[in-house]
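Notes to accompany the following structure.
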Amino acid sequence: GVQLNAVQLEMIFTHPQYRKKGLVRKQIERLHRMVDARGYDLVLLWGIPYYYRQFGYSYCVEGLATQSLPVWRVPDAPPGKSVPIGLRLAGLADIPLLARLYPRAVAGLDVYLDRSEAHWRYLLESAKVPIFVVEAVNSGGAVGYVIQVRNKRTVHIFESSLPDQETGLALLQLLKKDCDDFLINWPAGGTLAGLATRLGCILTRSTQWEFRIPSLSRFLMKIAPVLEKRLAGSDFRNLTTDFVLNLFTEACLIRIAGGRIAAAKPLEFVDTSMGAEGGTLNIPP
């Protein structure tokens, strides 16, 4: 329920003749100065696992987690019954429809992209992303969408918004012709991923998003409504206290007054070694 302003570090390539000279570090330092100047809440990247810890990035959520589902595990439609759905390629006129269906694709996620109309237009018009509208054969009405690519005898489903697993099964039955297996992307709680799990898929690939919070105190105040809601639903609903949240590389003094987060003050490094007070709540990196 809180909108965060995020920036993504995209791919960095260095010519072989200029490697080992610290150029990547210089670029990342430059990015971080821009981030601080513009007040972003979050920086994220999709990079080499653990490598970017040296620049302050931590593993946070799964990136491209993919399940493999052999076609033979997808049951055929009952004899004499046709598949009740069809697919058509989405166009710019479908953007309002896709925007209405999108919340179902990200339901239950703590972190997701707030996809604007301009972003949908970019995906369809510039990036040429193959987005298909899923329609009921009987009524012709749209029931969902799917982003899928067929590569030789593999169908890769990158994203989907479907009302239920029954529709998901119909989709797989529709796509299984001349196909050996499906690759289905997470989220794990998604309709199609859940169906694939029931049918006996195998998790074949899992990468990670790495996040960096430029200002811990600013971030905590930004998500304060979420934290206050949690306080209100607990035995600490009227709590008044000061406590130190220590992440070991940096710490923050959080002031709570009557169940509301009044302030978050940066403390930089707070020592926890050799009997030092440290923080009230110490969270290992």
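Of all residues in the range 77-101, which are over 17 Å from Glu135 (Cβ atoms) and modelled with pLDDT of 95 or more?
Of everything in the range 77-101, those that are over 17 Å from Glu135 (Cβ atoms) and modelled with pLDDT of 95 or more turn out to be Leu92, Ala99.
Taking the stated definitions as given, is Arg115 surrounded by 14 or more Cβ atoms within 10 Å (Cβ to Cβ), within 30 Å of Val7 (Cα to Cα) and charged (D, E, K, R)?
When the stated conditions are applied, Arg115 passes them.
Considering only residues of the range 235-279 that are of a type in the set (Val, Ile, Thr) and either without any contact (Cβ under 8 Å) to a residue 24 or more places away in the chain or open to solvent by less than 100 Å² (accessible area, probe 1.4 Å) (or both), which is farthest from Pro214 (Cα to Cα)? Break it down into steps so the answer makes sense when it comes.
Going through the range 235-279, the residues of a type in the set (Val, Ile, Thr) turn out to be 240-241, 244, 249, 254, 256, 261, 270, 272.
Those left that are additionally either without any contact (Cβ under 8 Å) to a residue 24 or more places away in the chain or open to solvent by less than 100 Å² (accessible area, probe 1.4 Å) (or both): 240-241, 244, 254, 256, 261, 270, 272.
Values: Thr240: 27, Thr241: 25, Val244: 18, Ile254: 17, Ile256: 22, Ile261: 20, Val270: 18, Thr272: 22 Å.
Ranking the qualifying residues of the range 235-279, first place goes to Thr240.
Pull up the range 99-147, narrow it to residues that are of a type outside the set (D, E, K, R), under 18 Å from the mean Cα position of the chain (by Cα) and assigned to a helix (DSSP H, G or I), then point me to the one that is farthest from Asp41 (Cα to Cα).
My answer is Leu101.
State which residue pairs qualify: first residue closer than 19 Å to Leu253 by Cα and inside the range 207-234, second residue open to solvent by 40 Å² or more (accessible area, probe 1.4 Å) and part of a helix (DSSP H, G or I) in any location, beta carbons under 9 Å apart, and separation of 6 or more residues or different chains.
Correct list of pairs: Pro214/Asp36; Ser215/Asp36; Leu220/Leu227.
Residues Leu162, Leu171, Leu175: which one is within 24 Å of the chain's Cα centre (by Cα) and within 19 Å of Trp72 (Cβ to Cβ)?
Values: Leu162 fails: within 19 Å of Trp72 (Cβ to Cβ); Leu175 fails: within 24 Å of the chain's Cα centre (by Cα).
Residue meeting the stated conditions: Leu171.
I'd like to check something: does the range 36-53 contain any residue that is touching a Lys or Arg at 6+ places or on another chain (Cβ under 7 Å), at pLDDT 90 or above and either open to solvent by 90 Å² or more (accessible area, probe 1.4 Å) or not β-branched (Val, Ile, Thr) (or both)? Don't jump to the end; show me each part of the working.
Going residue by residue through the range 36-53, those that are touching a Lys or Arg at 6+ places or on another chain (Cβ under 7 Å) are 41, 43.
Within this subset, residues satisfying the condition of being at pLDDT 90 or above are 41, 43.
Those left that are additionally either open to solvent by 90 Å² or more (accessible area, probe 1.4 Å) or not β-branched (Val, Ile, Thr) (or both): 41.
Within the range 36-53 (the criterion being touching a Lys or Arg at 6+ places or on another chain (Cβ under 7 Å), at pLDDT 90 or above and either open to solvent by 90 Å² or more (accessible area, probe 1.4 Å) or not β-branched (Val, Ile, Thr) (or both)), the answer is yes, since at least one residue qualifies.
Tell me, which residue of the range 58-76 that is modelled with pLDDT under 90 and among the hydroxyl-bearing types (Ser, Thr, Tyr) is most open to solvent (accessible area, probe 1.4 Å)?
That would be Tyr59.
Restricting the first residue to the range 151-180 and requiring it to be within 17 Å of Val106 (Cβ to Cβ), which pairs with a second residue that is buried (at least 18 other Cβ atoms within 10 Å of the Cβ) and among the acidic types (Asp, Glu) meet a Cβ separation below 9 Å and a spacing of at least six or different chains?
none
Pick out, from the range 170-285, the strands (runs of 3 or more DSSP E) lying fully within it that include 1 or more residues that are closer than 30 Å to Gln67 by Cα. Spell out how you get there, then give the answer.
Details: elements: 181-185, 202-205, 208-212, 241-246, 251-257, 260-268.
Fully inside the range 170-285 and qualifying: 181-185, 202-205, 208-212.
The values are calculated or read from the model by the stated rules, or taken from the named source; none is laboratory data. From a predicted model like this one, the values you see are computed outputs, not experimental measurements. Ideal geometry is used to build each Cβ from the backbone, glycine not excepted, and the neighbour counts take in all protein chains shown. Keep in mind that these areas ignore ligands, DNA and RNA; they rest on the heavy atoms of the full protein, side chains included. Shrake-Rupley method; radii C 1.70, N 1.55, O 1.52, S 1.80 Å.
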